[in-house]
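Before any comments, here is the structure.
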Amino acid sequence: METPVRSRALATEAVHAGRDDLAALGLHAPPIDLSTTYPSYDSRAEAARIDAFAETGAEPSLDGPPIYGRLGNPTVARFETALARLEGTESAVAFASGMAALSAVLLARASIGLRHVVAVRPLYGCSDHLLTAGLLGSEVTWTDPAGIADALRPDTGLVMVESPANPTLAEVDLRAVAHACGSVPLLADNTFATPVLQRPVEHGARLVLHSATKYLGGHGDVMAGVVACDEELAGVLRRIRFATGGVLHPLAGYLLLRGLSTLPVRVRAASATAADLAARLAADPRVTRVHYPSIGGAMVAFEVAGDPHEVIAAVRLITPAVSLGSVDTLIQHPASISHRIVEEGDRKNAGVSDKLLRMSVGLEDAEDLWADLDNALGGNAARGAGNCATSHSAPAPAMTH
């Protein structure tokens with residue numbers, strides 16, 4: 001009788017997933033396959049594999065050469081395998097950006113006549129815009145988590161939530177939301193939490209979206225998106241990717257696979273610093289409100305008593321820039337940048353006030369970051385102006401998965 005394989009810890013999977021075959025190949029580092037096309041001397045077999053891909057979206061490279069870079073790439077496939085393992089799904093499909101990934105999901109549902117989406121605000125600003133503007137022919141009903149079941153229609157193809165949400169870090173009960181969805185697939189944007197802090201499929205989500213540009217890459221040098229899901233949905237997404245061309249470059253796939261190997265270490269270290277800074281901000285009279293999720297994480301949002309634009313202009317160690325999840329700390333004003341595209345009334349109703357700043361905490365020393373924040377906040381309001389109200393306390397982040 002074979003000894004059952006012991007389930008591996010997340011930190012171990014992060015290092016080894018997608019690389020299990022390297023030793024047998026005589027390699028230590030994953031190879032980068034830059035080929036756009038692949039030779040095949042058996043055109044009948046190649047035709048059969050193309051037919052199989054057209055029917056099911058099955059990876060052509062599973063039983064032969066990859067055929068063509070738009071159908072699949074071995075380096076990107078390694079990243080997909082690794083991310084699926086970390087999220088606990090059968091498959092994952094990578095795209096050129098997070099928005100390309102979300103677009104593919106919407107197109108996949110629309111292709112079977114399910115154009116209606118139920119969504120909960122806040123979402124990332126461009127996700128909100130894509131749904132609201134109906135650019136892909138979709139129609140959205142915005143609701144709060146309690147209203148999801150009542151918002152469903154016969155043509156509802158998707159329910160979408162983001163938790164913790166961008167930029168307010170609001171959280172939803174994923175298990176309760178999944179129950180309210182019934183048979184409609186739940187898409188959870190897990191960009192902020194990463195699989196280190198939560199795995200949405202364990203709570204009933206069927207699709208997990210990442211802007212892989214953020215924590216999965218982790219160094220601010222790669223742009224990508226990925227959807228983790230079951231193989232049935234993955235097959236449809238691969239066909240959409242092939243038809244629309246939103247493929248991920250192999251070098252990006254390599255950088256993402258490398259980024260995953262340090263993901264648990266980076267997220268836990270940055271989360272510890274973020275919790276520290278959130279507590280300091282919550283006790284600072286120049287800050288009127290601090291948003292920090294109960295599951296922890298490396299993101300902190302806070303509202304200032306004074307002018308948030310002065311804070312942006314005054315930081316020196318922290319970089320004032322969009323995006324998040326890098327090894328260095330970034331800060332931005334969502335109402336001006338990441339959520340500017342959202343209608344002002346919708347933005348404010350979702351809790352994105354004009355005073356709100358969103359900070360992605362990196363791997364710098366907490367004291368150095370606080371010194372920079374303290375200096376940047378200096379001219380915003382007199383010290384001792386009053387007590388701040390926090391939307392959450394600042395607990396130590398979850399250090400185990």
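Considering the alpha-carbon set of region 124-209 alone, what are its Rg and its Dmax in angstrom?
For region 124-209, the Cα-based Rg and Dmax read 12.4, 35 Å.
Can you pull the percent of region 291-357's accessible area that's carbon plus sulfur, 1.4 Å probe, other chains left in place?
The value for region 291-357 is 52 percent carbon and sulfur by accessible area.
Full extension from Leu27 to Val265: what is 0.36 nm times the residue separation minus their Cα-Cα distance, to one decimal in nm?
83.2 nm
Can you give the net charge of the other residues whose Cβ lies under 13 Å from the Cβ of Pro308, counting K and R as +1 and D and E as -1?
0
Name the long-range amide H neighbours of Gly362: under 5 Å, sequence gap of 5 or more, or other chain; modelled H, no Pro or chain starts.
Residues meeting the amide H criterion: Thr329, Leu330.
Pulled fully out, how much extra length does the chain show between His179 and Ala133, if you take 0.36 nm times their separation in residues and subtract their Cα-Cα distance?
13.8 nm
Sort region 32-76 into rounded, prolate or oblate with this rule: let a ≥ b ≥ c be the square roots of the eigenvalues of the Cα gyration tensor; rounded if a/c is under 1.5, and if a/c is not under 1.5, prolate when a/b is larger than b/c, oblate otherwise.
Taking the square roots of the gyration eigenvalues as a ≥ b ≥ c, region 32-76 is oblate.
What number comes out for the charge environment of Glu344, summing +1 per Lys or Arg and -1 per Asp or Glu over other residues with Cβ under 15 Å away?
Once positives and negatives cancel, what remains is +1.
To test your reading of the geometry: what angle, between 0 and 90 degrees and rounded to tens, separates the Cα axis of helix 43-56 from the longest principal axis of the chain?
It is inclined by approximately 40 degrees.
Which cross-chain or sequence-distant (5 or more) residues have an amide H under 5 Å from the amide H of Thr288, H modelled 1.01 Å from N in plane?
The answer is Glu303, Val304, Ala305.
What's the local net charge at Ala151, with K and R +1, D and E -1, over the other residues with C-beta under 15 Å away?
Spelling it out: positives minus negatives among the neighbours equals -1.
When DSSP assigns beta bridges and you keep just the ones with both residues in the chain, what percent turn out antiparallel, to the nearest 5?
So the antiparallel bridges amount to about 55 percent of the total.
With angles folded into 0 to 90 degrees, how steeply does helix 250-261 sit against the dominant principal axis of the chain? Use alpha carbons for both and round to 10.
Helix 250-261 sits at roughly 60 degrees to that axis.
Please state the charge dipole magnitude for the chain, taken about the Cα centre, from unit charges on C-beta atoms (+1 on K and R, -1 on D and E), reported in debye and rounded to the nearest 20.
In total the dipole reaches around 120 debye.
P(r) for region 235-373, please, calculated from all Cα pair distances in 10 Å bins and given in %.
11, 35, 29, 19, 6, 0
Along its principal axes, what span do the Cα atoms of region 181-259 show, with the longest given first and each in whole Å?
That works out to 39, 33, 14 Å along the principal axes.
Using only the alpha carbons, work out the radius of gyration and Dmax of region 1-138 in angstrom.
Rg, Dmax (Cα atoms, Å): 18.7, 58.
With a/c under 1.5 counting as rounded, go ahead and sort region 333-379 into rounded, prolate or oblate using the C-alpha gyration tensor (a ≥ b ≥ c being the square roots of the eigenvalues; past the cut-off, prolate if a/b is larger than b/c, else oblate).
prolate
Along each principal axis of its Cα atoms, how long is region 86-167 end to end? Whole angstroms, biggest number first, please.
Taking the Cα atoms of region 86-167, the three principal extents are 32, 30, 26 Å.
With 10 Å bins from zero, work out the P(r) of region 228-271 over every alpha carbon pair and list the percent per bin.
23, 32, 32, 13, 0
Tell me, what HN-Hα J-couplings in whole Hz come from the Karplus equation 6.51 cos²θ - 1.76 cosθ + 1.60 at θ = phi - 60° for each residue of region 223-240, using x for Gly and Pro?
Using θ = phi - 60°, the values come out as 10, 6, x, 8, 10, 9, 6, 6, 5, 4, 5, 4, x, 5, 5, 5, 5, 5 Hz.
Can you tell me the alpha carbon radius of gyration of the chain divided by the globular rule-of-thumb value 2.2 N^0.38 Å?
1.02
For Val322 and Asp144, what is the calculated FRET efficiency with R₀ set at 25 Å and r taken between the beta-carbons, to the nearest 0.05?
For R0 = 25 Å, the calculated efficiency reads 0.40.
May I ask you to give the average projected area over all directions of the convex hull of the Cα atoms of region 296-387, in nm² rounded to one decimal?
6.4
Contour minus end-to-end for Glu343 and Asp51, with contour as 0.36 nm per residue of separation and end-to-end as the Cα-Cα distance?
100.6 nm
The values are calculated or read from the model by the stated rules, or taken from the named source; none is laboratory data. Fair warning: this is a prediction, and the values are worked out from it, not measured in the lab. Cβ coordinates were reconstructed from backbone atoms using ideal geometry, including for glycine residues, and neighbour counts include every protein chain displayed. Remember, those area values only see protein heavy atoms, side chains included, never the ligands or the DNA or RNA. Shrake-Rupley method; radii C 1.70, N 1.55, O 1.52, S 1.80 Å.
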